[in-house]
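Undergrad: This is the structure, below, for whatever I ask next.
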Amino acid sequence: MKKFILSAVAAFCLFSSAFGVAPDLPTATIAGQKYYVYEIKKGDSLYGIANRFGWNLDVLVELNPSMQEKLQRGAKIYYPALVAASSAREEQAYEPMESYPVIRHIVKKGDTVYSIARMYEVSVDTIYEYNPSARSGVKRGEVITIPQQSDQINDGSSHFFYTIRPGDTLADIAERFNTGVEQLMRDNKGVSENNFQAGDLLRVSVNSNKNNIVTETVDETRVSFGDSYKARKDDTWESVADKTGVDVADLKEANPDVELKKNAIIAVPLIETESVEREVEATDEREGTLEGRRDIYKEVHGLAVADTLAGMEPSVSIALVIEDPSSKRDNEFTRGMFVALDRLKNYPCRISLKVLHDNHTAADSVAVVENLLGSLDDFDADVVVATHEKNFPTWLADYGEEHGAEIVNVFDVKSELYLDNPSLIHLLTPSSYFCEEVGDWVESAFPGSRLVLVGKPDADDAFADAILARMGEAGVMRKSIEDLPSLSLNDDERYLFYGYAVTKDEVASMLSAIDALKEQNPLAYVKVMGRPSWITLADGLKEQFGRNDVYFPSRFFFDHAGPDGKKFMAEYSAIYGHNPIRSFPTYAAAGYDIINYFVPAVAKNDGDFNAYLPQVSGLQTPISLQRVGNWGGFFNPSAYMIRYNPYGEIEKILITK
C-alpha cells in the first residue's frame, strides 16, 4: 500500500469541499470520481459560480476549459465533490504536535539518574532541572518527571515515548504517528504481537514515513469537460458516442437525468490516461495482517521463516570474540566452552563455534575491526560472546543491533550499553541492581538485627550503603577492629557485623576479634557479612569463615569441592591433562556456563529471545535474563549470597526475587 502526496491544488480543492457547505446539486460519478453538476443559467460567470459555492476558481477552469471563453445557457459545469475528501485527509502527512505528554518514570530496582537519562535520551541536567531531589540520588518507587521536547521529536533528533493504551495495536500506533510497524519493531526490539500490552512504553519515530519517499510511475486518469454536443432529432446515446468518441457509459454518467431529445445539450467528458511520476510514501502491505506482521518481526530480528526451517536440522551458531588470545583468561574461557561442547556432543542440533581475535592496536584498529565484521557476516552467528573486561566494544554492540544477533558481555560490569541497545546481554548483575538486591536480602534475612560497621569506612563501598539504607541509622554501631574486644553484647539482641576490610590480614583480625566476642557472649545472636572481594580470601580463611558463619555477596561462585565442581574438573582434566586455573571468577567455568545456557536456549527459541529464555543455576553463574525495557537489552539480575556455615558447608543462596 502506498500513500500519494497530494498536489497543492488538489489538496486545496478537497479541503475546501470538506469544510465548506455542501451545495444542493446533483452529482455524477465519472472514472471513479464524484462531481457536482451545475446547469448554467442566464447571467452566470465562472467567478460567480465559484464564489457562490465556495469553489476554487482555478480548479473550476482547469476542469471545464471550454467554459472559459463563453458560458452556454443549459450547458453543464462540473466540480469535484466531497466523496474523496475524507480519505484524502487521512492520507495527508501527520502533523507534528506542539507538545507531548511528560514521561512519569517510576524508579525501579537498579535505576540511577544516569541510566534513566540514557533510557529516555535526555541529559542528566534535564533530570535534575525537573527533579531537584534527584541530585542526592533516586529511590525505588519515586516518580521522576521528564519533559518530552516537541521540537526535537518533530525534527527526528529524538523519539516520542508513548504509553500503550487498552485497545491499541501496533498498526494503529504506526498510522497515528505516521511511522511503520517495521520501524516500531526496530525501535522496540522487545515488542512482539504476543507481548504487546497496555501500560508498556514504546519508543516512536514520529513521522518517519516522510523519510520513506520513493518516486513511482503510475497511470493517472485525467478528466475534463470539453465542448458540449447539441443533440439531433434522431440521435441515440450510441450515435452520440460515435460522433464524440466517448464511451456510452461515460456519456450517461456525465449527464445524469438528461433526456436525450432534439436540442438537448450533452456534456462531453474527455478522459485520458497517462503515465506520470509521483512521490509516494512506501509502506508494507504486510502491516495490515497478523501473518504479515509476524513476517516483519522475523525480518527485524533476523529469524528464519517457517519455510526455511521446514525439514532442516535445528542449528545453533556461536561466535567467540576474545580480547587477548595470549591471556590466561581468554584461553581458559575458550577451553571451558570446548568442555561444554564435548558434553553436548549428542544434543539434538547442529552446533557451530567460531573463535575470533580482537587483539588490535590503535594503529590497525580500523582494518582489524573491518576483518572481524566480515568474518561475523560470513559466519552469521545467532549469539556473539565477547570476553572484554573493560571498554566493551561499541562496534560489536552496533553489529548486533544491525544484524539481529545477541551480543553477550561476559565480564565488563561497568558497561551500560545494554540500557539502550536491544542486542546486548549483560551477563553479570549490574552494580546498582546488585547493591539493592543485597540490601533487600539482608533486611529480610536478618530482621531486627543491630548493624555493626567494622573497620575504616570506605566511601566506595556501595554494599555497606545499601545495607545501611535498608536497615536504617537507628542503633548502628561503628567500630574499628581494635575496638571490638571491648564491645559488650546483649544476649537478647541480634547483631550483624559488616566488615569494610579488604586485605587478608585485616579480615583475619576482624574475624578473630568477633570469634572472641562470641566466646564471651555465647547466647548472643551474631552474624558476619563481608564484601564481595572476600571471595578471593575464601581458600586461606575457610576455617575462620565457617567458625564465624560468614556471608558475602557474589555474582559468581565456583565450588571446586562440590559434586558439580568435581565433575567439571574431571571433564576438563580428561581433555587438557590438568585442572583449570584457579581464578575469581573461574574463567573455564564461565565459558562452560555460556555454552550450556545459550545452546539449548537458541535451539528452543529459534533465536527469538522474546519467545523463550530459560533460568539456570549454572556451574558458576546463575542466569535469569530480563529486558531493561522494550528498546533496551537484557541484563542478568541473578546473584548469590555465599555462606560458610559452622558445619563446614558452603551454601550458595540465590538472592534474586
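Undergrad: With the structure loaded, tell me whether Ser327 is surrounded by fewer than 21 Cβ atoms within 10 Å (Cβ to Cβ), under 28 Å from the mean Cα position of the chain (by Cα) and in the same structural domain as Asp593 (by TED's automatic domain parsing) or whether it fails that test.
TA: no
Undergrad: Which is assigned to a strand (DSSP E or B) and under 25 Å from Ser205 (Cα atoms), of Ile144, Ile116?
TA: Answer to the selection: Ile144.
Undergrad: Only residues in the range 569-593 that are touching a residue at least 40 places away in the same chain (Cβ under 8 Å) and over 17 Å from Leu344 (Cβ atoms) count as the first member; pair them with residues that are hydroxyl-bearing (Ser, Thr, Tyr) and surrounded by fewer than 23 Cβ atoms within 10 Å (Cβ to Cβ), Cβ under 8 angstrom, at least 6 apart or cross-chain, and list the lot.
TA: Pro580/Tyr572; Phe584/Thr536
Undergrad: Report yes if Lys518 is in the same structural domain as Met471 (by TED's automatic domain parsing), in contact (Cβ under 8 Å) with a residue 24 or more places away in the chain and either more than 20 Å from Met477 (Cα to Cα) or under 46 Å from the mean Cα position of the chain (by Cα) (or both), otherwise no.
TA: In short, no.
Undergrad: Just one of the numbered conditions (1) more than 30 Å from Pro393 (Cβ to Cβ); (2) more than 32 Å from the chain's Cα centre (by Cα); (3) modelled with pLDDT of 85 or more is not true of Arg286; which one?
TA: (2)
Undergrad: Something else about it: Any idea how many residues of the range 163-175 are of a type in the set (D, E, K, R), closer than 16 Å to Asp200 by Cβ and assigned to a helix (DSSP H, G or I)?
TA: 1
One line per residue, one yes/no per condition, for (1) among the small types (Gly, Ala, Ser); (2) over 29 Å from Pro314 (Cα atoms); (3) out of contact with any Cys (no Cβ under 7 Å at 6 or more places or on another chain):
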residue: Ala589; (1), (2), (3): yes, no, yes
residue: Asn596; (1), (2), (3): no, no, yes
residue: Ala603; (1), (2), (3): yes, no, no
residue: Asp606; (1), (2), (3): no, no, yes
residue: Asn610; (1), (2), (3): no, no, yes
residue: Leu625; (1), (2), (3): no, no, yes
residue: Pro637; (1), (2), (3): no, yes, yes
residue: Tyr640; (1), (2), (3): no, yes, yes
residue: Lys652; (1), (2), (3): no, yes, yes
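Undergrad: Still on this structure: Can you name the residue in the range 165-220 that is among the hydrophobic types (A, V, I, L, M, F, W, C) and touching a Leu at 6+ places or on another chain (Cβ under 6 Å) and, of all such residues, is surrounded by the most Cβ atoms within 10 Å (Cβ to Cβ)?
TA: So, considering only residues that are among the hydrophobic types (A, V, I, L, M, F, W, C) and touching a Leu at 6+ places or on another chain (Cβ under 6 Å), the one surrounded by the most Cβ atoms within 10 Å (Cβ to Cβ) is Leu184.
Per-residue answers, yes or no, for (1) β-branched (Val, Ile, Thr); (2) within 30 Å of Arg335 (Cβ to Cβ); (3) modelled with pLDDT of 85 or more; (4) surrounded by 11 or more Cβ atoms within 10 Å (Cβ to Cβ):
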| residue | (1), (2), (3), (4) |
| --- | --- |
| Ala264 | no, no, yes, yes |
| Glu272 | no, no, no, no |
| Ser275 | no, no, no, no |
| Arg294 | no, no, yes, yes |
| Ala304 | no, no, no, yes |
| Pro314 | no, yes, no, yes |
| Ile318 | yes, yes, yes, yes |
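Undergrad: Does Gly607 meet the test of being modelled with pLDDT under 95, among the small types (Gly, Ala, Ser), within 30 Å of the chain's Cα centre (by Cα) and surrounded by 15 or more Cβ atoms within 10 Å (Cβ to Cβ)?
TA: yes
Undergrad: What are the pairs with Cβ atoms under 7 angstrom where one residue, in the range 549-563, is among the polar types (S, T, N, Q) and the other, located anywhere, is assigned to a loop (DSSP other than H, G, I, E, B)? Sequence gap at least six, or different chains.
TA: Note: pairs meeting the criteria are Ser554/Ala639.
Undergrad: Oh, and also: Quick one: would you say Ser423 is within 30 Å of Leu511 (Cβ to Cβ) and of a type in the set (S, T, N, Q)?
TA: No; evaluated as a whole, the condition is false for this residue.
Undergrad: Now, a different point. Evaluate the following for Asp505: is it surrounded by fewer than 19 Cβ atoms within 10 Å (Cβ to Cβ), of a type in the set (Asp, Glu) and closer than 14 Å to Tyr644 by Cβ?
TA: Criteria not met by Asp505.
Undergrad: Right, another one. Using beta carbons and a limit of 8 Å, which pairs, at least six apart or on different chains, have the first residue in the range 322-336 and over 14 Å from Pro585 (Cα atoms) and the second one in a loop (DSSP other than H, G, I, E, B) and of a type in the set (Val, Ile, Thr)?
TA: That search, which allows pairs on different chains as well, returns Ile322/Thr387; Glu323/Thr387.
Undergrad: Taking the stated definitions as given, is Glu259 more than 22 Å from the chain's Cα centre (by Cα), in the same structural domain as Val37 (by TED's automatic domain parsing) and loosely packed, with under 13 Cβ neighbours inside 10 Å?
TA: Against the criterion (more than 22 Å from the chain's Cα centre (by Cα), in the same structural domain as Val37 (by TED's automatic domain parsing) and loosely packed, with under 13 Cβ neighbours inside 10 Å), Glu259 qualifies.
Undergrad: A further question on this structure: Can you list the strands (runs of 3 or more DSSP E) found entirely within the range 407-500 that contain at least 1 residues being within 28 Å of Asn548 (Cα to Cα)?
TA: Hits in the range 407-500: 450-454, 477-479, 494-499.
Undergrad: Moving to a separate point now. Count, please, the residues in the range 357-397 that happen to be of a type outside the set (D, E, K, R) and buried (at least 20 other Cβ atoms within 10 Å of the Cβ).
TA: Selection size over the range 357-397: 12.
Condition check ((1) within 16 Å of Tyr38 (Cβ to Cβ); (2) modelled with pLDDT under 80) across all residues:
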site	(1), (2)
Met67	yes, no
Ile77	yes, no
Ser87	no, yes
Glu90	no, yes
His105	no, no
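Undergrad: Taking the criterion of being at pLDDT 95 or above, assigned to a strand (DSSP E or B) and either touching a helix residue (DSSP H, G or I) at 6+ places or on another chain (Cβ under 7 Å) or within 27 Å of Ser432 (Cβ to Cβ) (or both), would at least one residue in the range 506-518 satisfy it?
TA: No, every residue in the range 506-518 fails to be at pLDDT 95 or above, assigned to a strand (DSSP E or B) and either touching a helix residue (DSSP H, G or I) at 6+ places or on another chain (Cβ under 7 Å) or within 27 Å of Ser432 (Cβ to Cβ) (or both).
Undergrad: Any residue that is in contact with a Lys or Arg (Cβ under 8 Å, 6 or more places away or on another chain) and touching a residue at least 60 places away in the same chain (Cβ under 8 Å) - is there at least one of those in the range 117-132?
TA: So far as the range 117-132 goes, no, none of its residues is in contact with a Lys or Arg (Cβ under 8 Å, 6 or more places away or on another chain) and touching a residue at least 60 places away in the same chain (Cβ under 8 Å).
Yes/no matrix, rows are residues, columns are (1) on the phi > 0 side of the Ramachandran plot; (2) in contact with a strand residue (DSSP E or B) (Cβ under 7 Å, 6 or more places away or on another chain); (3) modelled with pLDDT of 90 or more:
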{"position": "Asp168", "(1), (2), (3)": "no, no, yes"}
{"position": "Asn188", "(1), (2), (3)": "no, yes, yes"}
{"position": "Glu193", "(1), (2), (3)": "no, no, no"}
{"position": "Asn209", "(1), (2), (3)": "no, yes, no"}
{"position": "Thr215", "(1), (2), (3)": "no, yes, no"}
{"position": "Arg222", "(1), (2), (3)": "no, yes, no"}
{"position": "Phe225", "(1), (2), (3)": "no, yes, no"}
{"position": "Asp235", "(1), (2), (3)": "no, no, yes"}
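Undergrad: Scan the range 398-414 and tell me whether some residue there is in the same structural domain as Ser624 (by TED's automatic domain parsing), free of Cβ contacts under 8 Å to residues at least 40 places away in the same chain, surrounded by 19 or more Cβ atoms within 10 Å (Cβ to Cβ) and among the small types (Gly, Ala, Ser).
TA: yes
The values are calculated or read from the model by the stated rules, or taken from the named source; none is laboratory data. This one's a predicted model, so the numbers in the text were calculated from it and none came from an experiment. Neighbour counts run over all protein chains shown; Cβ positions are idealised from the backbone, glycine included.
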